[in-house]
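Here's the structure we're looking at; comments come further down.
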Amino acid sequence: MKKFAKTMMLAIGSVAVAASAQASGKLNLYNWTDYTPTELIEKFEKETGIEVTLDTYDSNETLLAKLQSGATGYDLVVPSQHFVDIMVKEGLLMKVDGIADMPNYKYVDERFRNPSWDPEQAYSTPYQMGSASFAYRANSYDGNGSSLKEFFEPNAATCNKLAVFKSPDEVINMAHLYLGSDFCSEDPKEMQAVLDVMMKQKECVKVYSSEGINDRLKSGDVVMHAHWDGFSQVGVWEGVDDLTYAYPKEGVVGWFDSLVVPNGAQNVESAKAFMNFLMHPENMALLSNFAAYANAIPESVKYLSDDMKNAKNIQVPADVPVKFGQACNAKAQGLIDKVWTRVMQ
Amino acid sequence: MSIKRLRLLGLLPTWVTIGVLMIGPLLIMAAVSLMEANVYGGVHLRFDVSSYVQILFDKNLFDETEFNPAYLIIIMRSFMLALGATGLALLIGFPAAYYIARQPDHRKNLLVFLITIPFWTNLLVRTFAWVIILGRGGFMDQVGSFLNIIGPDESINLMYTNTAILIGLVYSYLPLMVLPLYASMEKMDVRLLEAGADLYANRYELIRRIIVPLTMPGIIGGSILVFVPCLGAFIAPDLLGGGKKLMLGSLVQLQFATSRNWPFGAAIAMMLLAIVVIALMVNARAARRHAVYEQTGAEATHG
Amino acid sequence: MASPHRKSKFRPIWDFPGFGGLSVGFFAFLYVPILVLVAYSFNGSKFAMVWSEFSWRWYLKLLENDDIHSAAINSLIVAFFAAPAATIMATLAALVMVRGGPFRSRAFTAGLITLPLMVPEIVTAVATLIFFALLNINLGLINIILAHTVFCIPFAYMPIRAALEAMDPGLEVAAQDLYADRWDAFRYVTLPLLTPGIMSGFMLAFVISIDDFIITLMVAGAGSTTLPVYIYSMIRTGVTPEVNAVSTLLLAVSVILVSVYWLLSSANRKGEAIG
């Protein structure tokens, strides 16, 4: 019995070690679904000898909830700009020393250095940027995506053939664009209007989901889907030829995703190595070629694939405004949550 | 070592494990349900019953308290779907349990084993099977178009509906209905049926007047075993309901996974727990009554 | 068809017409979905729902998928710690409950052991999440092992208690009559006889741990994704036959373990019948 107990203790100890002492040569990356090219990870592993583990999430909200519930152990996460802001304020992120001194930092576009959500470049390095709007199968839909009205007030062709993201962030901002109100509104009347629009839309929504978007469009389950510019381009590449990303006149919701290190990360050096690695134009191009989003490393253009250079869905027409999402204060956030809870009921 | 010490030694590990890791979390959850939510997740350590009030009366966008049927709708949907699933499972399970109970021993054991196998396999995987069957262009559509019930590119369109959730729920928990039914039917004395038939009862009357009353503990037990997990189901509404038709289980999950409203999620969870306790009390009462009934019945026949 | 009022020689009164057919339908309902799932795992097409040709390609793809490997390894680690821990506690508790004579906390203990079965899984999941989050317990896989151990206890307990109850206490008395002390009687008589029951309990606990999804989903942190959680993320991102393939493997593990359990316990039953 004693011997058994001893073996047991040893075994438990070894699991504890396996679980916590991953300091050398490991990186736990927690990223959006369909956002991490295998090629990039393999190249990083080859160059640095660091072993990468990837977990995925479907929205900024999910990421925030996971970090808030104390699930630590992630070394790098990829929130959008306004969530970087929130996470810093909530004390969920670790300051990363010497980002500006990283060898590849010099490649970062001046305009994206010290961005408003990280004015001292103390937490984040760029990942990808793009926009959120909706996309449709041009062959099964007679509209041309010129207005958000097509998305929020579906017609006979799109009713019950429409899918929407499963998180409030971008959808509510799209509703604001449609209604001409400001993001992060604290005016209950404006938010009531947002709620009304979304409840009306819900009658025609088939499913709320932020994952498997291109599959759903491909199978014909839906003909219109809330979408991101780059990922809709990936859908085209995957064979949904007529998938068209809409640039409605009211505008699209812009976002800028960054790499940040959450508190409790155990492999900070690995995380920094990855941050530096990704700022190299060649590697950033690899990522853009996969995810089809724009990036903040101008020199990466040299390495972009022809597919990427000709990608139609990511060309923003000159007359369409891009409005970036921002961190809302507690009052505005409270209203957003209320609206979303009512839509989701 | 004294028997008392031995007893304590044997029970202590279980007490501590379940006490600390089950009762402890439930108590903390109860406490959290009475706290104030932090907008970005987590809780403030302030006493606040608003999470419970919120189930029925929500502050609207204008900060006025108003009756909000939203959650009531979810609660009703959960109740209806759970009741529907329980009823359907009973309907499907009853003849099967009866049939199995009347088989010869070796075959009986094998059939019972065949019922338990789905129970022990992964619930997520079994629900996923229905995604393939009900999904657009899936197995059902292919069979349908093969039989010319629907056109080649049409769909039966069951995915993301309440019906899809119902099918998923029945399928998930059917074994839990059949096993207790079977247990009480196996114990039943078939001579009672012969006696009933001698008294010119037809088969329908035999079921209604003899089999159902005698197998009541199995019926109630099975119904509770199906009803309770259906009420808190998360997988079926999530995969088959398209995130649009929430049930209580998915509502709780949502509060922690994206909405970050811990106290409200905890309050709903407490409500679920309360329903379970009530269901168990009903079960215990029914069992007690049945015991009395059997006892008096036995006395009547012997007396 | 025989009239229900007449006792037919060929259809005894307790044999209801149509119930056999309904039972066939019942088993079809239980098994057809599983068979469809398994069949489509051999689908050569990239899309789970459209059949093209028989192919092993998705199983070959599983072999190359590192994420699935680490998820499977996590699942096994968790089960190999949680199931034995639960089995040991369940065995001790069962011995006291069945052989410990009358004592005051018996009903309390019985209730405590069945508690994890009664509380809805989603409630246990969020309660555990809050518990770990507020107490700041971040031990990676150990968090999951702890959570699994709790709900594995009742599953291990049931077959062990059943085996103990079926065992003749006279055997131990006889051994003590032959001058074995209580410990020896336990070690040389009770324990060997109880081993099949303990094995059964262990196997059920193992299956339950391997299959658990909701609790793990809520509690899992970095690098502690288990196989069911991984399958869930696969289902949500797009349905390919690869999901069917990995699901089929998971099904196979459960079916094999439960079959072994069943054979063990039916061997037990036969032994009783002879003895």
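We did not get these values from a lab; they are worked out from the coordinates using the rules stated. It should be emphasised that the depicted structure is a prediction, and the values quoted were computed from it without experimental measurement. Every residue, glycine among them, receives a Cβ derived from its backbone with ideal geometry; neighbour counts consider all protein chains shown.
Taken about its Cα centre, the protein assembly as shown carries a charge dipole of about 3720 debye when Lys and Arg each add +1 at the Cβ and Asp and Glu each add -1 at the Cβ.
For chain C, give the magnitude of the charge dipole about the Cα centre (Cβ charges: +1 Lys/Arg, -1 Asp/Glu; no others), in debye to the nearest 20.
860 debye
Please work out whether segment A:192-304 counts as rounded, prolate or oblate from its C-alpha gyration tensor, where a ≥ b ≥ c are the square roots of the eigenvalues and a/c under 1.5 means rounded, while otherwise a/b larger than b/c means prolate and anything else oblate?
Prolate, because a/c is 1.5 or more and a/b exceeds b/c.
What does the C-alpha gyration tensor say about the overall shape of chain B? Classify as rounded when a/c is under 1.5, otherwise prolate if a/b is larger than b/c, or oblate. Since a/c reaches 1.5 but b/c is at least a/b, the shape of chain B is classed as oblate. Considering only C:Ala163, C:Phe202, C:Phe213, and ranking their Cα positions along the charge dipole of segment C:148-220 that arises from unit charges at the beta-carbon of Lys, Arg, Asp and Glu, the one farthest toward the positive end is C:Phe213.
List, in the order given, every pair from A:Lys46/C:Lys61; A:Lys106/A:Lys312; A:Lys149/A:Lys200; A:Lys323/B:Lys59; A:Lys331/B:Lys59 whose Cα-Cα distance in the structure shown is over 19 Å.
A:Lys46/C:Lys61; A:Lys106/A:Lys312; A:Lys323/B:Lys59
For chain C, the 222 nm mean residue ellipticity estimated from helices alone, with every DSSP H stretch of n ≥ 4 adding -39500 (n - 2.57) and the total spread over all residues, rounds to -24500 deg cm²/dmol. Considering only beta bridges that DSSP places wholly inside the protein assembly as shown, some 60 percent are antiparallel. Based on C-alpha pairs under 8 angstrom that are at least 6 apart in sequence, chain A has a relative contact order of 28 percent.
Judged by the ratio a/c of the largest to the smallest principal axis of the C-alpha gyration tensor, chain C counts as oblate, that ratio being 1.5 or greater while a/b is no larger than b/c. Using helices alone, what [θ] at 222 nm do you get for chain A, with -39,500 (n - 2.57) per DSSP H run of 4 or more residues, divided over all residues and rounded to the nearest 500? It comes out at -11500 deg cm²/dmol, rounded to the nearest 500. Counted by Cβ distance under 9 Å from C:Phe103, the other residues give a net charge of +4, where Lys and Arg count +1 and Asp and Glu count -1.
Computed from point charges on the beta carbon alone (+1 for Lys and Arg, -1 for Asp and Glu), the dipole magnitude for chain B about its Cα centre is near 880 Debye. Mean-square fluctuations from a GNM of chain A, with a 10 angstrom spring cutoff on Cα atoms, peak among A:Thr53, A:Thr125, A:Thr36 at A:Thr53. From the residues B:Ile73, B:Ile220, B:Leu206, which one has its Cα farthest along the dipole of segment B:73-302 in the positive direction, the dipole being from +1 and -1 charges on Cβ of Lys/Arg and Asp/Glu about the Cα centre? Farthest along the dipole direction, towards plus: B:Ile73.
Normalised by the number of residues in segment C:63-274, the mean separation of alpha-carbon contacts (under 8 Å, six or more apart) gives a relative contact order of 33 percent. Arranged from fewest to most other beta-carbon atoms within 10 Å of their beta carbon, C:Leu60, A:Leu304 become C:Leu60, A:Leu304. Only lysines eight or more places from B:Lys4 in sequence, or on another chain, were considered; those with a Cα closer than 30 Å are A:Lys2, A:Lys3, A:Lys6. Each Cα pair under 8 Å and six or more residues apart adds its sequence gap; the mean of these over the residue count of chain B is a relative contact order of 24 percent. The Rg/Rh ratio for chain A is 1.00, where Rg is the radius of gyration of the alpha carbons and Rh is the Kirkwood radius.
Counting only DSSP H runs of at least 4 residues, each contributing -39500 (n - 2.57), and dividing by the residue count of chain B, the helix-based mean residue ellipticity at 222 nm comes to -23000 deg cm²/dmol. Placing unit charges on the Cβ atoms of the charged side chains and taking the dipole of the protein assembly as shown about its Cα centre, the candidate lying farthest along the positive direction among B:Gln103, A:Leu76, C:Tyr59 is B:Gln103.
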